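First the structure, in the form of structure tokens, and then the observations on it.
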Amino acid sequence: MAEASKVIHIRNVGHEIAEADLLQLMQPFGTVSKIVMLRAKNQALLQMQDIHSSVSALQYYSTVQPSVRGRNVYIQFSSHQELTTDQSSHGRNSDQDSEPNRILLATIHHMMYPITVEVLHQVFKAYGFVEKIVTFQKSAGFQALIQYQSRQEAVEACGSLHGRNIYDGCCQLDIQYSNLSELQVHFNNDRSRDFTNPSLPTEQRPRPSQQGFPDPGSLYAFQQPGAPFAQMGRAAMIAAAFGGSLPPGVTGTNERCTLIVSNLNPEQINEDKLFNLFSLYGNIVRIKVLRNKPDHALVEMADGFQSELAVHYLKGGMLFGNKLEVNYSKYPSITPAPDAHDYATSSLNRFNSNVVKNYRHCCAPTKMIHISALPQDISEDAILAHVSEHGSVVGTKLFEVNGKRQALVMFETEEEATEALVSKHASSLEGNTIRISFSQMQSI
């Protein structure tokens, strides 16, 4: 495999595939800063904003075959570390001298989350009465036409919203004036809406934006301009993180937060080691190893979805020579007590930040661990000395992401990698508290 790079090389890019299609392929993993289409070779080069984004993309697509417009494409790191071209498919192309109009054309860049008429209406109605909205997909990406009652309202909205993100770090608005004089709306649904004529038919048929996403009206809690622009609902973050649908076998409907974990190795396990493992799937509230049954433990997670992920990915996994049993407990919570370890306020809970990224990286234990927060001058030998007691290491790779040292370590078995993770996550290495998670990469 080529050395990790911000630049991703994509092969088998047919002429029917547009830049916007490739942007959409990479949007869940971060911002694409540059793109070059090599039409003569049916290839493309995309530069991600940082190397972590490109590594995340390749990790994901090493387990899922990427397909664009029905064509399989093949993804690898490029030998280029940077693209020198200034070409970017999401620069602003509007005519800066276009005449102000009551109809705005908005292009949504870096669209990590679904955007519907309801979402756009919540954003634009703060600047005046929105009469009509029409959304559509073009080669430039997802676009919308928004018609105000007056030109002055449109001017104010354009001046205030152009360049802003609907959600933190994504869904950026690129706004220009349309040359249309009146929008024609035939249906009131999630793609178009005439707010002056609520009696229009809905054109009942399967709606693409509903595949794998809950009702948009329940997801978004918009605030007025001047405050943080919008807060993403948990359900939408989960749906977006998993590509629009949950992993097979995960229902997303479980409400039980507490798990009973049995067949533990009582000589090797403790609450902190269980925390290191279960925190991969959600925030931990409390953990209690049962003193009368030392091979059993209760694990209380922050919500039912996170506990369902833990059951889904960990049940049957091997740890310290034993096959784990992970099931839902009859107890709704763990009562605070001296022998119950409280992690509710722990800064080590992984889902306190980067929630979408953490959901995206959820997986069953693998042979490969990813180590971050390493000292800048760390050596591979020092990393090996820290983790090799847990099994046979078959490969290591030390690299930098945004100037920060990280490493991949591959063991012979998933059990060895799991033991290293539970034993050494949040441990100190040359003065740094390191972080360890499973990597979905197949090789180093």
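The values are calculated or read from the model by the stated rules, or taken from the named source; none is laboratory data. This structure is a prediction, so every number in the text was calculated from the model and none was measured. Neighbour counts run over all protein chains shown; Cβ positions are idealised from the backbone, glycine included. Surface areas here come from the heavy atoms of the whole protein model, side chains and all, with no ligands, DNA or RNA. Shrake-Rupley method; radii C 1.70, N 1.55, O 1.52, S 1.80 Å.
What the table below lists for this structure:
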| read-out | value |
| --- | --- |
| Residue list for the stretch 140-179, restricted to those being open to solvent by less than 50 Å² (accessible area, probe 1.4 Å), assigned to a loop (DSSP other than H, G, I, E, B) and at pLDDT 90 or above | 150 |
| Scope the stretch 400-426; condition of a type in the set (Gly, Ala, Ser), open to solvent by less than 20 Å² (accessible area, probe 1.4 Å) and either out of contact with any Phe, Trp or Tyr (no Cβ under 8 Å at 6 or more places or on another chain) or within 19 Å of residue 274 (Cα to Cα) (or both); matching residues | 417, 420 |
| Some residue of the stretch 419-437 being among the hydroxyl-bearing types (Ser, Thr, Tyr), under 27 Å from the mean Cα position of the chain (by Cα), within 27 Å of residue 322 (Cβ to Cβ) and assigned to a loop (DSSP other than H, G, I, E, B) | yes |
| Spans of helices (runs of 4 or more DSSP H) in the stretch 299-415 with at least 1 residues in contact with a strand residue (DSSP E or B) (Cβ under 6 Å, 6 or more places away or on another chain) | 304-314, 380-387 |
| Members of the stretch 36-55 that are open to solvent by 50 Å² or more (accessible area, probe 1.4 Å) and either within 17 Å of residue 84 (Cα to Cα) or modelled with pLDDT of 90 or more (or both) | 38, 49 |
| Checklist (1) out of contact with any helix residue (DSSP H, G or I) (no Cβ under 6 Å at 6 or more places or on another chain); (2) under 20 Å from residue 266 (Cα atoms) applied to residue 303, failing item | (2) |
| Which listed residue is more than 30 Å from residue 45 (Cβ to Cβ), open to solvent by less than 20 Å² (accessible area, probe 1.4 Å), modelled with pLDDT of 85 or more and not polar (S, T, N, Q), from 108, 103 | 103 |
| Filtered residues of the stretch 188-202 (kept if touching an Asp or Glu at 6+ places or on another chain (Cβ under 8 Å) and open to solvent by 70 Å² or more (accessible area, probe 1.4 Å)) | 196 |
| Residue 444 vs. criteria part of a strand (DSSP E or B) and touching a residue at least 60 places away in the same chain (Cβ under 8 Å) | no |
| Close pairs (6 angstrom Cβ cut-off, 6 or more residues apart or separate chains): open to solvent by 10 Å² or more (accessible area, probe 1.4 Å) in the stretch 275-302, assigned to a strand (DSSP E or B) and aromatic (Phe, Trp, Tyr) anywhere | none |
| Flag for residue 269 being more than 30 Å from residue 31 (Cα to Cα), open to solvent by less than 60 Å² (accessible area, probe 1.4 Å) and either in contact (Cβ under 8 Å) with a residue 60 or more places away in the chain or assigned to a loop (DSSP other than H, G, I, E, B) (or both) | yes |
| Given (1) of a type outside the set (Val, Ile, Thr); (2) open to solvent by 10 Å² or more (accessible area, probe 1.4 Å); (3) in contact with a strand residue (DSSP E or B) (Cβ under 6 Å, 6 or more places away or on another chain); (4) at pLDDT below 85, index of the condition residue 24 fails | (3) |
| Selection count where residues are open to solvent by less than 60 Å² (accessible area, probe 1.4 Å), of a type in the set (A, V, I, L, M, F, W, C) and either within 19 Å of residue 426 (Cβ to Cβ) or in contact with a Pro (Cβ under 7 Å, 6 or more places away or on another chain) (or both), scope the stretch 385-399 | 1 |
| Failed condition for residue 429, given (1) open to solvent by 40 Å² or more (accessible area, probe 1.4 Å); (2) in contact (Cβ under 8 Å) with a residue 40 or more places away in the chain | (1) |
| Boolean, residue 344 is touching a residue at least 24 places away in the same chain (Cβ under 8 Å) and under 19 Å from the mean Cα position of the chain (by Cα) | no |
| Enumeration of residues in the stretch 112-158 that are closer than 29 Å to residue 28 by Cβ, charged (D, E, K, R) and out of contact with any Asp or Glu (no Cβ under 9 Å at 6 or more places or on another chain) | 125, 138 |
| Among the candidates 353, 307, residue that is of a type outside the set (A, V, I, L, M) and open to solvent by less than 20 Å² (accessible area, probe 1.4 Å) | 307 |
| Test: residue in the stretch 111-120 that is assigned to a strand (DSSP E or B), open to solvent by 10 Å² or more (accessible area, probe 1.4 Å) and either acidic (Asp, Glu) or at pLDDT 75 or above (or both) | no |
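So that you can scan it fast, the table gives a plain yes or no per residue for (1) without any contact (Cβ under 8 Å) to a residue 24 or more places away in the chain; (2) open to solvent by 20 Å² or more (accessible area, probe 1.4 Å); (3) among the charged types (D, E, K, R); (4) out of contact with any Lys or Arg (no Cβ under 7 Å at 6 or more places or on another chain):
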residue	(1), (2), (3), (4)
4	no, no, no, yes
9	no, yes, no, yes
12	no, yes, no, no
32	no, no, no, yes
